[in-house]
1. Identify all residues within the range 251-285 that are of a type in the set (Asp, Glu) and assigned by TED's automatic domain parsing to the domain that holds LEU44; write none if there are none.
2. So ASP206 fits all but one of (1) assigned to a helix (DSSP H, G or I); (2) surrounded by 14 or more Cβ atoms within 10 Å (Cβ to Cβ); (3) within 22 Å of the chain's Cα centre (by Cα); what number is the exception?
3. Identify, please: which residue in the range 1-28 is loosely packed, with under 10 Cβ neighbours inside 10 Å and either under 19 Å from the mean Cα position of the chain (by Cα) or charged (D, E, K, R) (or both) and is, among those, modelled with the lowest pLDDT?
4. Of the residues GLY141, GLY155, GLY129, only one is touching a residue at least 12 places away in the same chain (Cβ under 8 Å) and on the phi < 0 side of the Ramachandran plot; which?
5. Take the range 190-203 and flag every residue that is surrounded by fewer than 20 Cβ atoms within 10 Å (Cβ to Cβ), under 28 Å from the mean Cα position of the chain (by Cα) and of a type outside the set (A, V, I, L, M).
6. Would you mind stating whether VAL17 is touching a Cys at 6+ places or on another chain (Cβ under 6 Å) and under 25 Å from VAL86 (Cα atoms)?
7. Of the residues in the range 216-256, how many are under 27 Å from LEU271 (Cα atoms), of a type in the set (Ser, Thr, Tyr) and not in a helix (DSSP H, G or I)?
Amino acid sequence: MSPHPTPPPEDVIRDDVARALAEDVGTGDVTAALLPDTADIAYLLCKEEAIVAGRPWFDACHRTLDPDVRIDWRVQDGDRVPAGTVLATLVGRTRALVTAERAALNFLQTLSGTATTTAQYVDAVRGTGCTILDTRKTLPGLRLAQKYAVRCGGGHNHRIGLYDTVMLKENHVRAAGSLTAAIRAARAAQPALPLIVEVETLAQLDEALSAGCERILIDDFDADTRREAVRRAKASPHDGRIPLEVSGGVDMSTLAGIAADGVDFVSIGGLTKHVRAIDLSMKLGPAP
């Protein structure tokens, strides 16, 4: 995964920013109107160690209100920075700078928080061959932004939504009569899409391995059962062709053990659901 991934399309960022500015500015920034609207400078400070993510949204907030603003970044998205780092300097109109400040910081703080948390999980499994995935447990309306932030932190994206991957769970198995029947029905209905199958027992794992799919999700297996699942998936005749994913019950205290068992993927909802914003500030005046 590139440390500087490609952001979402410009129209997605533009729409995110339009919503953020509309809810914050409303009919006008009555406080900024008290300031003289002159040329001014500002700087953006990161107060704690972090992985930076969200530059395109920060820029769009400011350029929407002042198309002539100059933003000189000293870091890229995906960079790890120490506390006290000046991330960027800005030159623009005073009123636009202060009006855009909160929305711009909200994006940058939130997305940097997601990237920083992701990087902690990625660091914890480094060298094991295990890949960290996100989930669909994202902030409503900010899925592509948060999934971009996960990539900035070195993680990978699971399915983007309900439309790009077929995922079979117990309800599908119940409706089809068996796991094999559910897999066949899914292949017939959506032959071009990846297929992920959730299994609840080792017997279902064997069935999924034989029927075939792109990935098998072993949800809430205990450690012994998980290790046996890895052994079966990697043994002949399957030879590890179908990767195994673990989801559920994963945190920093359990992650290392899960990765050491040999699973290929671990998906973690907390990357995007349990967001702690990074401490940033933007101040008028020259950078220290």
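The values are calculated or read from the model by the stated rules, or taken from the named source; none is laboratory data. Bear in mind that the values here come from a model prediction, so they are computed numbers and not experimental data. Every residue, glycine as well, gets a Cβ built from its backbone with ideal geometry; the counts of neighbours run over all protein chains shown.
1. Across the range 251-285, the qualifying residue is only ASP279.
2. Evaluating ASP206 over (1) assigned to a helix (DSSP H, G or I); (2) surrounded by 14 or more Cβ atoms within 10 Å (Cβ to Cβ); (3) within 22 Å of the chain's Cα centre (by Cα) leaves (3) as the failure.
3. Of all residues in the range 1-28, those loosely packed, with under 10 Cβ neighbours inside 10 Å come to 2, 6, 11, 23, 26-28.
If we keep only those that are either under 19 Å from the mean Cα position of the chain (by Cα) or charged (D, E, K, R) (or both) as well, we get 2, 6, 11, 23.
Values: SER2: 55, THR6: 96, ASP11: 98, GLU23: 97.
Per the criteria, the residue is SER2.
4. Values: GLY141 fails: on the phi < 0 side of the Ramachandran plot; GLY129 fails: on the phi < 0 side of the Ramachandran plot.
Result: GLY155 is the single residue among GLY141, GLY155, GLY129 that is touching a residue at least 12 places away in the same chain (Cβ under 8 Å) and on the phi < 0 side of the Ramachandran plot.
5. GLN190, PRO191, PRO194, GLU200
6. Numbers: touching a Cys at 6+ places or on another chain (Cβ under 6 Å): yes; under 25 Å from VAL86 (Cα atoms): yes.
It is true that VAL17 is touching a Cys at 6+ places or on another chain (Cβ under 6 Å) and under 25 Å from VAL86 (Cα atoms).
7. Residues flagged as under 27 Å from LEU271 (Cα atoms), of a type in the set (Ser, Thr, Tyr) and not in a helix (DSSP H, G or I) within the range 216-256 amount to 1.
To keep it simple, each residue is scored yes or no on (1) of a type in the set (Gly, Ala, Ser); (2) in contact with a Leu (Cβ under 7 Å, 6 or more places away or on another chain).
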position	(1), (2)
ARG174	no, no
SER178	yes, no
ALA181	yes, no
ALA186	yes, yes
ALA192	yes, no
